[in-house]
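Asker: Here it is: the structure, laid out below.
The values are calculated or read from the model by the stated rules, or taken from the named source; none is laboratory data. Remember, it's a predicted structure, so these values are computed and weren't measured experimentally. We place every Cβ from the backbone using ideal geometry, glycine too, and count neighbours over all the protein chains shown.
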Amino acid sequence: MANKLTTAGNAILLQYTAPVYVALFGYMFLGEKSTFVDWATIMILLLGLALFFFDDLSFDGYLGNVLAILSGMSFAGLTLLLRKQKDDSPSDSILLGNILTLVIGLPVIVGGTEFDLNSIILILLLGVLQLGIPYILYTTAIKHVTALDAIIFPIIEPILNPILVFIVLGETLGAWSVFGGALVLGGVIFRAILKK
């Protein structure tokens, strides 16, 4: 909904404020303290994302912006709760969530929508490659890293989309996008090196 009610840049930037919430509430819920390096990295990442989507940011679409912020808070909550289950099975929660999503969405799916074989194959591929495998990897990794690590590394994801579009379709990135993307990648790598 945020993507429909605000710009894609706003939606992505505000969703990826999630590390701020994890850093704020990680100690309260998990006993995981955030360091100066963590906060510096978060600020670099947010600046990098803002620069990366600089041309697409606007102050319009207030409802979309609020929904994007709520999406970021939800992403942070998911990460904190999955990390809380590190000694159990966080994948069970993901499975239950996806089953619930299927049950809620089932009336829309069967309510007059026609699918051809190509659509079914694409939906299955997206379900397995875009959701299934990443969720398995994420719930496996979250047992071994802090909640902040689990939320910071996925920030690379939104900048991969335009990079892949550049590689596949040849659409060029502007100078702000290149600089912002370099900040995001550099911030994630810098923090990973310092945290070793």
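Asker: Determine if segment 168-184 includes at least one residue that is farther than 17 Å from LEU13 by Cα and polar (S, T, N, Q). Spell out how you get there, then give the answer.
Answerer: From segment 168-184, those farther than 17 Å from LEU13 by Cα are 168-175; that's our starting set.
Next cut, polar (S, T, N, Q) only: 172.
Yes, because at least one residue in segment 168-184 is farther than 17 Å from LEU13 by Cα and polar (S, T, N, Q).
Asker: Among the residues of segment 143-164, write down those that are aliphatic (A, V, I, L, M) and surrounded by fewer than 15 Cβ atoms within 10 Å (Cβ to Cβ).
Answerer: If we filter segment 143-164 for residues that are aliphatic (A, V, I, L, M), which is where we start, we get 145, 147-148, 150-152, 155-156, 159-160, 163-164.
LEU160, LEU164, listed by residue number.
Asker: Next question. Go over the candidates GLY26, GLY31, GLY72, GLY77 one by one and state the one that is free of Cβ contacts under 8 Å to residues at least 12 places away in the same chain, under 17 Å from ASP149 (Cα atoms) and small (Gly, Ala, Ser).
Answerer: GLY31
Asker: Sticking with this structure for a sec: Tell me the residue from VAL188, VAL128 that is part of a helix (DSSP H, G or I), out of contact with any Ser or Thr (no Cβ under 9 Å at 6 or more places or on another chain) and of a type in the set (Val, Ile, Thr), please. Step through it out loud before you land on a result.
Answerer: Details: VAL188 fails: out of contact with any Ser or Thr (no Cβ under 9 Å at 6 or more places or on another chain).
That would be VAL128, the only listed residue that is part of a helix (DSSP H, G or I), out of contact with any Ser or Thr (no Cβ under 9 Å at 6 or more places or on another chain) and of a type in the set (Val, Ile, Thr).
Asker: Restricting attention to segment 165-180, does a residue exist that is surrounded by 13 or more Cβ atoms within 10 Å (Cβ to Cβ), at pLDDT 80 or above, of a type in the set (Gly, Ala, Ser) and over 30 Å from PRO90 (Cα atoms)?
Answerer: yes
Asker: If you don't mind, there's one more thing I want to ask. Using the structure shown, decide if VAL108 is out of contact with any Asp or Glu (no Cβ under 8 Å at 6 or more places or on another chain), farther than 16 Å from TYR135 by Cα and loosely packed, with under 11 Cβ neighbours inside 10 Å. Reasoning before the result, please.
Answerer: Values: out of contact with any Asp or Glu (no Cβ under 8 Å at 6 or more places or on another chain): yes; farther than 16 Å from TYR135 by Cα: yes; loosely packed, with under 11 Cβ neighbours inside 10 Å: yes.
So VAL108 fits the description; yes.
Asker: Ok, one more. For the condition farther than 21 Å from SER34 by Cβ and in contact (Cβ under 8 Å) with a residue 40 or more places away in the chain, what is the one hit in ILE109, ILE94, ILE120, ILE99?
Answerer: On the way: ILE109 fails: in contact (Cβ under 8 Å) with a residue 40 or more places away in the chain; ILE120 fails: in contact (Cβ under 8 Å) with a residue 40 or more places away in the chain; ILE99 fails: in contact (Cβ under 8 Å) with a residue 40 or more places away in the chain.
None of the other options fit; the residue is ILE94.
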